[in-house]
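The values are calculated or read from the model by the stated rules, or taken from the named source; none is laboratory data. Please read all numbers here as calculations on a predicted model, not as lab measurements. Please note: Cβ atoms are built from the backbone with ideal geometry, for glycine as well, and neighbour counts cover all protein chains shown. Heads up: the accessible areas ignore ligands, DNA and RNA and are worked out on the full protein's heavy atoms, side chains in. Shrake-Rupley method; radii C 1.70, N 1.55, O 1.52, S 1.80 Å.
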Amino acid sequence: MARSNESYSARIQRKLLKKQQIIEAASGRKKADLVLKNARYVNVFSNELRTADIACANGLIVGLGSYEGEREYDMRGRIVCPGFIDAHIHLESSLVSPREFARAVLPHGTTTVITDPHEITNVMGADGIDYMLQATDGLPIDVRFMLPSCVPSTPLDESGAVLDYRDIDSYYDHPRVQGLAEMMNAYGVTHNDPDVVAKIIAAQAHHKKIDGHAPGLSGRELDAYIAAGVYSDHECSTVEDAIAKLKRGQFIMIREGTAAKNLEALAPLMTPRYCDRCMFCCDDRHPSDLLEEGHIDSIVRRAINDYGVDPIIAVKLACHNAARYFLLNNRGAIAPGYLADFAIVDDFAHFNVEMVFKGGELYFDHGKLRDIPAPRIDDYLNRRAHDTFHLDHLRPEDFEDARPRGVIGMVPGEIVTTDNGYADRPDPQRDILKIAVIERHRHTGHIGLGYLQGYGLKRGAVATSICHDSHNIIVVGADPADMAFAANRILDDHGGIVVVADACVCSELPLEIAGLMSDAPLADVNAALERTRQAAFDLGVHPGIDPFMSLSFMSLPVIPTLRLTTRGVIDVNTQRFV
């Protein structure tokens with residue numbers, strides 16, 4: 001008992017010393033650690049630009065006025081914004097390690113992200129959560145977690161684990177866990193599935209947020225979904241859908257990612273009438289977008305320049321509103337007591353990030369990024385993440401089946417699909433291809449077969465282990481031999497993306513971390529991805545389709561209308577096989 005009291009006393013003394021230093025700097029009796037002189041900054045409380053010195057000490061903002069600092073930077077000619085927050089993203093979608101992701105987004109002013117490790121958890125179970133917690137520990141962006149709610153996404157799918165509320169309950173005590181991630185199984189909620197509803201009850205018992213995922217849900221089903229305890233939605237593709245949910249009390253995450261782009265449709269929300277209930281998120285962001293467009297800063301830039309949004313509102317949606325929603329009460333604003341996280345831009349018109357401070361430390365300065373050490377990951381978790389494929393090599397006859405199967409119709413620019421009837425053979429001339437999903441976690445030998453229309457491939461095959469959300473192997477092609485060759489290449493690479501033709505690899509991108517991410521630098525991953533994408537286009541994939549992102553969603557059994565799992569084609573609306 002004495003040892004515990006002594007430890008508590010020492011902790012109080014350390015915090016007391018820091019607090020006294022903060023008060024001394026705020027009062028001007030001692031120099032601040034950092035002062036941004038002559039700063040024109042966004043005040044998210046008064047909704048205006050103000051000018052003052054911004055004084056910081058011990059990683060916090062301590063004062064606004066006239067200050068002297070041990071380190072000083074003149075901010076004249078720039079605008080200081082609070083560090084940006086991505087309200088919902090799957091880090092795995094960047095295809096690189098969390099450290100590489102941090103290196104990519106920090107220069108764009110992002111200082112906090114709310115991630116859902118749903119993808120890797122569907123591969124590795126709870127070990128996937130542990131892996132991502134360790135892989136993000138100590139990074140110069142705050143990576144906060146929402147616990148995966150759907151592992152697998154529905155009982156009709158097969159993933160690497162099945163997690164109920166008991167399997168994730170202890171993680172709510174982790175200081176970086178904010179709540180329960182997107183409740184994709186809206187059908188399970190509205191139809192009172194006890195296992196699904198129990199996860200909501202458990203999150204509420206810990207006083208945590210519960211994010212939503214309910215595209216197109218309306219009327220009494222929407223009321224039931226929200227009444228169950230779901231606080232937000234990031235799946236709104238029309239302003240009517242968003243306003244219906246907002247009027248019922250949900251927060252709306254305006255998504256602009258790689259797979260789904262809703263900024264234009266939801267621009268009417270970015271007005272004084274609705275903006276307080278809105279925030280920005282990416283959901284999924286591929287390497288090319290991170291390198292060429294940026295991150296949250298690119299959404300702000302487009303909101304201002306393309307849709308005439310008030311710059312102060314756009315900035316608030318990029319930081320303050322997400323911080324309020326997630327109860328991150330010490331970030332998202334420039335005021336005493338808030339974290340000294342700053343994204344410093346040239347002006348509102350161009351919105352180029354020139355400098356980034358995290359916790360009062362300068363990490364990015366006019367093109368130069370400070371070194372980011374790699375977090376320490378347990379050997380067991382590292383080995384586990386690099387050995388996630390458990391299946392035999394495939395044969396061409398595994399993809400041959402004369403029985404009529406459902407035809408999944410692709411919709412350009414969307415991840416929803418249509419029901420295009422039945423087919424019993426590939427017909428590239430009619431743009432009908434064979435598609436298969438191969439179980440890869442538990443050596444079951446299950447292979448779901450169907451047909452895909454609208455992809456455009458004329459010959460060869462395309463395969464990937466990014467196969468939402470259970471991340472089995474998905475392969476599409478016109479020839480069973482090439483389909484088998486492509487699937488086997490994924491197995492040999494321990495995951496990735498591959499384009500093949502005539503039993504030869506045209507191009508590939510290995511993804512050795514759980515079949516989802518690469519250990520390589522972002523620029524190298526992007527270069528390999530672009531080569532592989534071009535190889536897919538060369539084989540006929542329609543130019544308006546992302547060959548791999550679009551394909552990866554063809555197995556997600558929670559987005560209408562038809563999808564393919566390891567057990568066959570299902571109708572999402574009825575949750576039945578067709």
Across region 4-36, what is the number of residues that are among the small types (Gly, Ala, Ser) and part of a strand (DSSP E or B)? 1
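If we keep just the residues of region 311-347 that are charged (D, E, K, R) and crowded, with 24+ Cβ neighbours inside 10 Å, which is nearest to Val35 (Cα to Cα)? Talk me through it step by step, then tell me what you get.
The first filter runs over region 311-347 and keeps only residues charged (D, E, K, R), leaving 316, 324, 331, 341, 346-347.
Of the ones still in play, those that are also crowded, with 24+ Cβ neighbours inside 10 Å are 316, 341.
Numbers: Lys316: 23, Asp341: 13 Å.
Looking at residues that are charged (D, E, K, R) and crowded, with 24+ Cβ neighbours inside 10 Å, I get Asp341.
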Failed criterion for Ala349 (all others in (1) in a loop (DSSP other than H, G, I, E, B); (2) touching a His at 6+ places or on another chain (Cβ under 8 Å) hold): (2)
Flagged in region 452-483 as among the aliphatic types (A, V, I, L, M), assigned to a loop (DSSP other than H, G, I, E, B) and under 20 Å from Val411 (Cβ atoms), in numbering order, are Leu457, Ile466
Of residues in region 524-539 being over 10 Å from Val498 (Cα atoms), in contact (Cβ under 8 Å) with a residue 12 or more places away in the chain and not basic (Lys, Arg), the one surrounded by the most Cβ atoms within 10 Å (Cβ to Cβ): Val525
Looking at region 256-285, which of its residues are over 29 Å from Asp469 (Cα atoms) and surrounded by 20 or more Cβ atoms within 10 Å (Cβ to Cβ)? Leu269, Met270, Cys275
For region 343-363, which residues satisfy the criterion of being hydrophobic (A, V, I, L, M, F, W, C) and within 29 Å of Tyr307 (Cα to Cα)? Ala343, Ile344, Val345, Phe348, Ala349, Phe351, Val353, Met355, Val356, Phe357
In this structure, is Val498 buried (at least 22 other Cβ atoms within 10 Å of the Cβ), within 16 Å of Lys434 (Cβ to Cβ) and within 25 Å of the chain's Cα centre (by Cα)? no
Is region 35-51 home to any residue that is open to solvent by 20 Å² or more (accessible area, probe 1.4 Å), of a type in the set (Val, Ile, Thr) and either more than 28 Å from Val353 (Cβ to Cβ) or touching a residue at least 40 places away in the same chain (Cβ under 8 Å) (or both)? no
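Could you identify the single residue in Ile79, Ile54, Ile12, Ile22 that is loosely packed, with under 13 Cβ neighbours inside 10 Å and hydrophobic (A, V, I, L, M, F, W, C)? Full working, then the answer.
Details: Ile79 fails: loosely packed, with under 13 Cβ neighbours inside 10 Å; Ile54 fails: loosely packed, with under 13 Cβ neighbours inside 10 Å; Ile22 fails: loosely packed, with under 13 Cβ neighbours inside 10 Å.
None of the other options fit; the residue is Ile12.
Which residue, of His386, His366, His350, is without any contact (Cβ under 8 Å) to a residue 24 or more places away in the chain and open to solvent by 10 Å² or more (accessible area, probe 1.4 Å)?
Details: His386 fails: without any contact (Cβ under 8 Å) to a residue 24 or more places away in the chain; His350 fails: without any contact (Cβ under 8 Å) to a residue 24 or more places away in the chain.
The conditions single out His366.
Run down Ser159, Ser149 and say which single residue is under 24 Å from Arg255 (Cβ atoms), in contact with a strand residue (DSSP E or B) (Cβ under 8 Å, 6 or more places away or on another chain) and either part of a strand (DSSP E or B) or at pLDDT 95 or above (or both). Steps first, please.
Values: Ser159 fails: in contact with a strand residue (DSSP E or B) (Cβ under 8 Å, 6 or more places away or on another chain).
After ruling out the rest, the residue left standing is Ser149.
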Per the filter on region 557-571, residues in contact with a Ser or Thr (Cβ under 7 Å, 6 or more places away or on another chain) and either free of Cβ contacts under 8 Å to residues at least 60 places away in the same chain or open to solvent by less than 10 Å² (accessible area, probe 1.4 Å) (or both) are Pro557, Leu562, Arg563, Leu564, Thr565
Can you name every residue in region 389-404 that is touching a helix residue (DSSP H, G or I) at 6+ places or on another chain (Cβ under 8 Å) and either open to solvent by less than 60 Å² (accessible area, probe 1.4 Å) or part of a strand (DSSP E or B) (or both)? Phe389, Leu391, Leu394, Pro396, Asp398, Phe399
Being within 24 Å of Gly421 (Cα to Cα), crowded, with 21+ Cβ neighbours inside 10 Å and acidic (Asp, Glu), is that true of even one residue in region 457-473? no
Of the residues in region 480-504, those that are closer than 9 Å to Gly460 by Cα and among the charged types (D, E, K, R) come to Asp482, Asp502
Filter result for Gly360 (at positive phi and in contact with a His (Cβ under 9 Å, 6 or more places away or on another chain)): no
So, in region 205-252, of the ones that are farther than 24 Å from Pro175 by Cβ and among the polar types (S, T, N, Q), which residue ends up surrounded by the most Cβ atoms within 10 Å (Cβ to Cβ)? Gln250
Consider Ala486 against the criteria (1) among the small types (Gly, Ala, Ser); (2) surrounded by fewer than 24 Cβ atoms within 10 Å (Cβ to Cβ); (3) in contact (Cβ under 8 Å) with a residue 24 or more places away in the chain; (4) outside any loop (DSSP other than H, G, I, E, B): it satisfies all of them except one. Which criterion is unmet? (2)
Take the residues of region 405-451 that are among the small types (Gly, Ala, Ser), part of a strand (DSSP E or B) and touching a residue at least 24 places away in the same chain (Cβ under 8 Å): which is farthest from Asn122 (Cα to Cα)? Ala423
Can you pull out the strands (runs of 3 or more DSSP E) entirely within region 37-80 that have at least 3 residues that are more than 11 Å from Ala25 (Cα to Cα) and modelled with pLDDT of 95 or more? 48-57, 69-74
